[in-house]
Amino acid sequence: MATTDLKARVNDALENGSLAGALGRFNEAYVASRARAYEGIDFEALRDQLVGLKGRAAAHLDELAEQFEEKATQAGATVFRTSDPAEVKQYLARLCKENGVKRIAKSKSMATEEMHLNAFLAEQGIEVAETDLGEWIVQLAGQRPSHMVMPAIHMSKEQVAGIFSREVKEELAADIPALVAVARRELRQKFLGADMGITGANVAVAETGTLVVVTNEGNARLVSTLPRIQVAVVGVEKLVERFADVGPILKALPRSATGQLLTSYVSMFTGPSPGADGQPKELHVILLDHRRTHMARDPRFAQALRCIRCASCVNVCPVYRLLGGHVFGGVYTGGIGAILATWFEAIKSSKDIQSLCIQCGACIPVCPTRIDIPEMIVELRRRLAKEEGHPFIQKAALRMVNDRRIFHGLLRAASKAQKPFAKKGMIRHLPFFFSGMTEHRSLPAIADVPFRDRFEGIAQPAGAKDKAAFYAGCLVDFAYPGIGESVVKVLNAAGVEVTFPQAQTCCGAPARYAGAFDVAARNAKDNITALEDPEVRWVVSACPTCTVALRHEFAATLEAEGHADWAERAEAMASKVRDFSSLVKELADAGRLTVEAAKGLEAVTYHDSCHLKRKLHAHEPPRQLLGAAGFELKEMKDSDSCCGMGGSYSLKFPEISAPILARKLENIRATGAETVAMDCPGCMLQIGGGLDLAGSTARTRHVADLIADKVRPARPAGGK
Amino acid sequence: MFETFRAKAQAVSAEVHRAPAGAQALDLVLAVLGREGVGDAPGERAVWCGGPILGSLLDRDALVRRFPGLSFEVTRERAAESRVGITEFEWGLAATGTIAQDATDPRLRLASMLPEVHVALFPTSRLLPDLDALLERVDPTRARYLACVTGPSRTADIERVLTIGVHGPKKLVIIAVDGEFGAA
């Protein structure tokens, strides 16, 4: 079964210490060098430009391909357009035969990887040399690239020395400059001896028939100059309308890919140029569609055609950082690789790869063309679930959550059954098949009295100006009911009456992220019915994942399931939905509430949960509230990197979740703070459990709990 | 703008000079030829693509007598055996420390890619702010092989360690020459 195989590959990657070390160091260095490269550049304005020009191009691929063909042909190139990778192979085989081509020098073309061109040409008796250093290493090792920009990033210099030693039949030391010198010497002969040069292209300009190729090594310049026949194999998604469009792409690509202002070489060729001997030469441009126009017609996936292959998404991905591209990727690596594999191979081929996405969204803010990879992954899961159904056990679990009475009944029963395992509110070991849940972290004990039963005992202020419906979510309701009490207390202090609709149920996030949209839609409907109330001004939650579900996902889920009328109701409710910290900050700013600074409070460090930071963009409000309450904030390194919880991800892939958590715990420890503040009960479960199991004295606290006794109603003195 | 150009080009390991006129630029080029030990043996030779900047100042015979390995006939064989290649570029781009040229003539590419040291001259008067400005000025259907060069050839493909000089030059010497020059 594929999943067992995936688990085995995941474990192999995790046990490979040098891989994690190399990728981890790269990740840290990348973040800094990318930031430096973008200094003085308005990244959002650049993204606007790129989304515009790549989006327009993606919507008109056929017209642009036609225009490119016309212009490039006028310039003297031979253009071959096809949707079928097999036809590319045949075209090249024929071209080689007609021209007596025995040796080919190749610079990077990802499109040729899609069709495994090198293996095919070798079968035809043609020698193909990859000339990008990383690609050559990978080729000699009989592997495939593990990264789109740095193909051999998974290898150590010792491994490279071993591979080169075999190739040149002499014993080489693991000395990087010496190894590079060997590559220069060996590949120089390949350039000079090749009959044909094959490149890819980073941009193809329709209005002029120009191909743009960027490299740092200069190999594409040699490949396009020295051999007597020049070929470029280019995916149609590289097309843009205008020559001026090259500017913004080259502003983003090197900065996002390697933190460079510009690559060492940018070559733009329009038709063939004279050969090295001064004689005219042939240029063949192969424009490959291979389901790209099909993808462009899919409203959920068309955005992926904006990808400029900078790999910044992969470079910041916490899962890629642990596993590398051989496990987390196909021909193209990482989450974007899973999406492209779906189209260029088949939806089933992406099944394993996409399951590795933890949905933290770290890739979203760095993408120069604003591609939302996590959202497309969820959509993939939805389609996979429709096509294949969910495994029985998972489906049963999701169904259980789907029926509020059964689910809540089970949780109440569990609160009794857990007694033998709980100590001071934490469960450190669970028996039998639950043991995986407590291997890397303790679990919070399920509360004796859930929030839903406690709420009735909290008197609400009479004649309040506004009403807010509190949406607890499962964790606050059953594991951390105290957070709910703090939320009520703070809102009451602002003169807001709180209601707690008892019919509320799971927000549906677990089902949605697993692709079970039917289950999520049912959850959405139940919650809309429970929370719709014209008298309520806000729907507030102290769980960012729930908040995102209520605010952004209900409508999308219902829409996708074909319930347009419900989607409309979801939209109407969404505008009222607030996360706790943002609403309290709003109330404080409106003069309805004062946060009083207490003296002598402990230092806290703040963990940004993924959903709060990247979906709700609430980075500042919790910090401002903590500051106003008198806490000294000690920022941790990478405060917004994922804690590894990812909902059920930590159950599905505990072996990946654990090292992600370990990194977070280390960053927390380095601050010296004893209190880790956050806004997400899911993160509290993960981080709190990790701290507990590690024997740390530091504790997690929700912002609501930290400020609850430091708020008071604002005096009406100064007016508004 | 030139100081930005200089800083950006140096940041990517290029050696940058500025000459007040062609004569001083020529002296700088000859100094590089001397420094690099150009001579008449494979691997020690030099190829020189003349252009409008130094064209009229070059006494080719005298130069070849002084540097026996030097040739103004740029072929792929000669370029492959050369230590130094000299070409003239048309533009500089300040924001990135880039030089750019229409390299449709293959000799320009051979002389700038195959030798280990590339000496590139360009007119200071044609320094542009950035790549966008270049794209505005150039018609790619005329400049059919437009080449932009930013620093020497580099790689970080083994353990991400930056190594200069993989397939192209290990050294890039840029000489910005003041004054007006015809053509292009």
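The values are calculated or read from the model by the stated rules, or taken from the named source; none is laboratory data. Worth saying up front: this structure is predicted, and the values here are computed from it rather than measured. Note that each Cβ is placed from the backbone with ideal geometry, even for glycine, and that neighbours are counted across all protein chains shown.
If you go through region A:367-391 and keep only what is in contact with a Phe, Trp or Tyr (Cβ under 9 Å, 6 or more places away or on another chain) and not in a helix (DSSP H, G or I), you end up with just A:Pro368.
Residues are listed down the side, and each one gets a yes or a no for (1) within 8 Å of chain A (Cβ to nearest Cβ); (2) under 29 Å from A:Met150 (Cβ atoms); (3) of a type in the set (Gly, Ala, Ser):
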site	(1), (2), (3)
B:Asp102	no, no, no
B:Pro106	yes, no, no
B:Val119	no, no, no
B:Pro140	yes, no, no
B:Tyr145	yes, yes, no
B:Pro152	yes, yes, no
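No other residue among A:Ala111, A:Ala65 is modelled with pLDDT of 95 or more, within 30 Å of A:Ala302 (Cα to Cα) and aliphatic (A, V, I, L, M) apart from A:Ala65. With the structure loaded, tell me whether B:Ala25 is buried (at least 20 other Cβ atoms within 10 Å of the Cβ) and over 18 Å from B:Gly168 (Cα atoms) or whether it fails that test. Taking the combined requirement at face value, the residue satisfies it. Checking each residue in region A:122-140 for being touching a Lys or Arg at 6+ places or on another chain (Cβ under 7 Å) and surrounded by fewer than 21 Cβ atoms within 10 Å (Cβ to Cβ) picks out A:Ile126, A:Glu127.
Filtering A:Leu61, A:Leu14, A:Leu23, A:Leu6 for residues that are within 30 Å of the chain's Cα centre (by Cα), more than 30 Å from A:Leu323 (Cα to Cα) and of a type in the set (A, V, I, L, M, F, W, C) leaves a single hit, A:Leu61.
For A:Arg712, state whether it is surrounded by fewer than 21 Cβ atoms within 10 Å (Cβ to Cβ) and closer than 16 Å to A:Met636 by Cβ. Before you say what the answer is, go through the steps one by one.
Working: surrounded by fewer than 21 Cβ atoms within 10 Å (Cβ to Cβ): yes; closer than 16 Å to A:Met636 by Cβ: no.
Criteria not met by A:Arg712.
For region A:72-83, the criterion of being on the phi > 0 side of the Ramachandran plot, outside any helix (DSSP H, G or I) and within 14 Å of another protein chain (Cβ to nearest Cβ) is met by at least one residue.
Do any helices (runs of 4 or more DSSP H) lying entirely in region A:87-185 carry at least 2 residues that are of a type in the set (Val, Ile, Thr) and either more than 14 Å from chain B (Cβ to nearest Cβ) or closer than 30 Å to A:Gly259 by Cβ (or both), and which ones are they? Break it down stepwise before answering.
Values: elements: A:110-114, A:117-123, A:133-140, A:157-168.
Ranges flagged: A:133-140, A:157-168.
Residue-wise test of (1) within 14 Å of another protein chain (Cβ to nearest Cβ); (2) outside any strand (DSSP E or B).
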residue: B:Asp27; (1), (2): no, yes
residue: B:Gly37; (1), (2): no, yes
residue: B:Ala46; (1), (2): no, no
residue: B:Arg109; (1), (2): yes, yes
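Scanning region A:281-294 for residues that are at pLDDT below 95, under 20 Å from A:Leu92 (Cα atoms) and not charged (D, E, K, R) yields a count of 1.
Checking the structure you have, find out if any residue of region A:295-313 is in a helix (DSSP H, G or I), over 19 Å from A:Glu379 (Cβ atoms) and more than 14 Å from every other protein chain (Cβ to nearest Cβ).
Taking region A:295-313 first, the residues in a helix (DSSP H, G or I) are A:295-296, A:302-306, A:312-313.
Pick out the ones that are also over 19 Å from A:Glu379 (Cβ atoms) and you get A:312.
Imposing the further condition that a residue be more than 14 Å from every other protein chain (Cβ to nearest Cβ) reduces the set to A:312.
Yes; the residues of region A:295-313 include at least one that is in a helix (DSSP H, G or I), over 19 Å from A:Glu379 (Cβ atoms) and more than 14 Å from every other protein chain (Cβ to nearest Cβ).
Out of the residues in region A:246-289 that are closer than 23 Å to A:Gly52 by Cβ and at the interface with chain B (Cβ under 7 Å from one of its Cβ atoms), which is surrounded by the fewest Cβ atoms within 10 Å (Cβ to Cβ)? By that ranking, first place goes to A:Gly247. Does A:Ala468 satisfy being aliphatic (A, V, I, L, M) and surrounded by fewer than 17 Cβ atoms within 10 Å (Cβ to Cβ)? It is false that A:Ala468 is aliphatic (A, V, I, L, M) and surrounded by fewer than 17 Cβ atoms within 10 Å (Cβ to Cβ).
Going by the conditions given, is A:Arg188 among the basic types (Lys, Arg), more than 19 Å from A:Leu287 (Cβ to Cβ), touching a helix residue (DSSP H, G or I) at 6+ places or on another chain (Cβ under 6 Å) and within 9 Å of chain B (Cβ to nearest Cβ)?
On the way: among the basic types (Lys, Arg): yes; more than 19 Å from A:Leu287 (Cβ to Cβ): yes; touching a helix residue (DSSP H, G or I) at 6+ places or on another chain (Cβ under 6 Å): no; within 9 Å of chain B (Cβ to nearest Cβ): yes.
Here the answer is no, as A:Arg188 does not meet what is asked.
For first residues located in region A:512-538 and under 14 Å from A:Ala560 (Cα atoms), partners that are among the basic types (Lys, Arg) and crowded, with 19+ Cβ neighbours inside 10 Å and lie 6+ apart or on another chain with Cβ distances below 7 Å form the pairs A:Gly515/A:Arg381; A:Gly515/A:Arg382; A:Phe517/A:Arg382; A:Ala520/A:Arg512. Beta carbons closer than 7 Å, at least 6 apart along the sequence or on distinct chains, pair a first residue in region B:60-88 that is assigned to a strand (DSSP E or B) with a second that is of a type in the set (Ser, Thr, Tyr) and surrounded by 20 or more Cβ atoms within 10 Å (Cβ to Cβ) for B:Gly85/B:Ser112; B:Thr87/B:Ser112.
Could you tell me whether A:Leu305 is under 26 Å from the mean Cα position of the chain (by Cα), under 30 Å from A:Leu95 (Cα atoms) and either crowded, with 23+ Cβ neighbours inside 10 Å or without any contact (Cβ under 8 Å) to a residue 24 or more places away in the chain (or both)? Give the derivation first.
Details: under 26 Å from the mean Cα position of the chain (by Cα): yes; under 30 Å from A:Leu95 (Cα atoms): yes; either crowded, with 23+ Cβ neighbours inside 10 Å or without any contact (Cβ under 8 Å) to a residue 24 or more places away in the chain (or both): yes.
Spelling it out, A:Leu305 is indeed under 26 Å from the mean Cα position of the chain (by Cα), under 30 Å from A:Leu95 (Cα atoms) and either crowded, with 23+ Cβ neighbours inside 10 Å or without any contact (Cβ under 8 Å) to a residue 24 or more places away in the chain (or both).
On the given criteria, is A:Glu674 of a type outside the set (A, V, I, L, M, F, W, C), more than 19 Å from the chain's Cα centre (by Cα) and modelled with pLDDT under 95?
On the way: of a type outside the set (A, V, I, L, M, F, W, C): yes; more than 19 Å from the chain's Cα centre (by Cα): yes; modelled with pLDDT under 95: no.
The answer is no for A:Glu674.
Of all residues in region A:482-520, those being within 28 Å of A:Gln359 (Cβ to Cβ), modelled with pLDDT of 95 or more and assigned to a helix (DSSP H, G or I) number 5.
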